[in-house]
Amino acid sequence: MIIHLKNDTPRGIIDQMLTDYHGRVFFQNNNPVVITASKVKKVQPEHSRYISESFVFDSDIQLASSSYLDSKRTIHIGDLVMGGEENYTHVIAGPCSVESEEQINETALFLKEKGVKILRAGSYKPRTSPYSFQGLGLEGLKLLKNVRENHGLKIISEVRDATHVDNIIEYTDIIQVGAKAMYDQGVLRACGEARKPVLIKRGFGSTLQEFVQAAEFVLSGGNNDVILCERGIRTFETHTRFTLDLCGVAFLKHHTNLPVVVDPSHAMGHAYGVPDLARAALAMGVDGLLIEVHPEPAKALSDASQQLDFQTFSTLYDSLKQLAPATGHTLI
Ligand code: PEP
Ligand code: MN
């Protein structure tokens, strides 16, 4: 249950409600918002006078639910807007990992000339093997900060565990919670305290309910700016790296109030399929596409097989520009 309290509700009453309803509280424009434990469906009579509005749900999709907010949340990324009523589709592109100053600058220059506004690149890489490239860490974030300052691009980069959240907040514009970190409650809680947009990728073995509940951890910490990213789930199929769950995208668009981004690169795992999947996702009217691009994919230190070279990305971007008006979306 979500309970909007009047802003003159005494602190003692709020604390009593938190105890009685096993709830948590955050403040929205100075107004207390209490979220109760799942089983609480009504309040005690003595609390009614402090309530301005309340919402009851049949599942733990609450703050993210389209029955709580019937319009999509608007996320401000500096001067960019995602979600809301705008019908924008943001192309978020860049290499899997920051590898060197030369690599990231070359990519940034190319993407900026193409018209892309948000650059992606990981610096703390959650690799499946400890013997694979683990990312440049803080050094890589500093290279991303230079890109942000020199080229005016917005930056999204990934947290591997809760110890990096502060660094990511300082150097980037969007915090990326990766598929493997989606269940890390230390990361999710730290993101809830951050005042910066958070993009959460769906764990490849998680249900839609679990995925949205990860977003609830961040939202119930008081951070309103959460973006969901479908990046493929594991199925019995082995010819593609994962299976892009477009049914899931339809569910998220219908049942949640959060912007939805699709990552065709990690889903497919092979560059040849990425353009078609990106166009399919655009046709669904998603709020963003996350696409891996590298100056020399074959030499990439991570995810080499799925990264697009500049020529392929350029052709894809041009086709997305052409397609967008037919979908009622504007490509950013
Ligand atoms: C990435 O974006 O490079 C990445 C590691 O993605 P995921 O968390 O979806 O595997
Ligand atoms: Mn990657």
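The values are calculated or read from the model by the stated rules, or taken from the named source; none is laboratory data. As the structure is a computational prediction, the values presented were derived from the model and not from experiment. Neighbour counts are summed over all protein chains in view; Cβ atoms, including those assigned to glycine, are modelled from backbone coordinates with ideal geometry. Keep in mind that these areas ignore ligands, DNA and RNA; they rest on the heavy atoms of the full protein, side chains included. Shrake-Rupley method; radii C 1.70, N 1.55, O 1.52, S 1.80 Å.
Values as computed for the structure displayed
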read-out	value
MRE, 222 nm, helices only [DSSP H, n ≥ 4, -39500 (n - 2.57), over the chain, to nearest 500]	-10000 deg cm²/dmol
Long-range amide H partners of THR330 with built H, under 5 Å	TYR88, THR89
Within segment 227-277: Cβ-based charge dipole about Cα centre, in debye rounded to nearest 20 (Lys, Arg +1; Asp, Glu -1)	100 debye
For the chain, convex hull of alpha carbons as volume per residue, Å³	133 Å³
Hits among lysines - C-alpha to C-alpha of LYS114 under 16 Å, sequence gap 8 or more where chains match	LYS154, LYS321
Computed Rg/Rh of segment 118-171, alpha carbon atoms with Kirkwood Rh	0.98
Net charge dipole size for the chain [Lys, Arg +1 and Asp, Glu -1 on Cβ; Debye, nearest 20]	400 debye
Around CYS229: net Lys/Arg minus Asp/Glu count, Cβ-Cβ under 9 Å	+1
Efficiency of FRET from Cβ geometry, ASN87 and GLU237, R₀ 41 Å, rounded to 0.05	0.80
Segment 297-309 - phi-based ³J(HN,Hα) in whole Hz, Karplus 6.51/-1.76/1.60, Gly and Pro as x	x, 4, 9, 4, 7, 8, 6, 4, 6, 9, 7, 7, 7
Long pairs among LYS142/LYS180; LYS112/LYS142; LYS196/LYS299; LYS125/LYS299, criterion Cα-Cα beyond 22 Å	LYS142/LYS180; LYS196/LYS299
Percent carbon-and-sulfur accessible area, segment 189-332, ignoring ligands, DNA and RNA, probe 1.4 Å	56 percent
Lys/Arg +1, Asp/Glu -1 at C-beta; the chain dipole; positive extreme among TYR131, GLY288, LEU18	LEU18
Phi-based couplings in Hz for segment 92-100 (Karplus 6.51, -1.76, 1.60; Gly and Pro marked x)	10, 9, x, x, 4, 10, 6, 10, 6
Sequence ranges 30-40, 256-266, 318-328, ranked by mean other-Cβ count within 10 angstrom, highest first	256-266, 30-40, 318-328
Residues with amide H under 5 Å from that of ILE291, placed H, sequence gap 5 or more	ILE92, ALA93, GLY94
Total charge dipole magnitude, segment 37-149, about the Cα centre, Cβ charges on Lys, Arg, Asp, Glu only, Debye to nearest 20	320 debye
5 angstrom amide H check on GLY232, placed H, neighbours 5+ away	ASP245
Residues THR330 and TYR68, FRET efficiency given R0 of 22 Å [Cβ-Cβ distance, rounded to 0.05]	0.25
Solvent accessible area, Å² - SER67, 1.4 Å probe, full protein context	80 Å²
Spacing of the two label points (7 Å from each Cα toward its C-beta) at ALA280 and GLN44, in nm	5.4 nm
Karplus-derived HN-Hα couplings along segment 178-188 (A = 6.51, B = -1.76, C = 1.60, θ = phi - 60°), whole Hz, x at Gly and Pro	x, 4, 7, 8, 4, 8, 7, 6, x, 5, 5
Spin-label pair GLN185/GLU210, simplified geometry with 7 Å Cα→Cβ offset, distance in nm	1.5 nm
Whichever lysines have a C-alpha closer than 25 Å to that of LYS6, once near sequence neighbours (fewer than 8 apart) are set aside	LYS39, LYS41, LYS42, LYS72
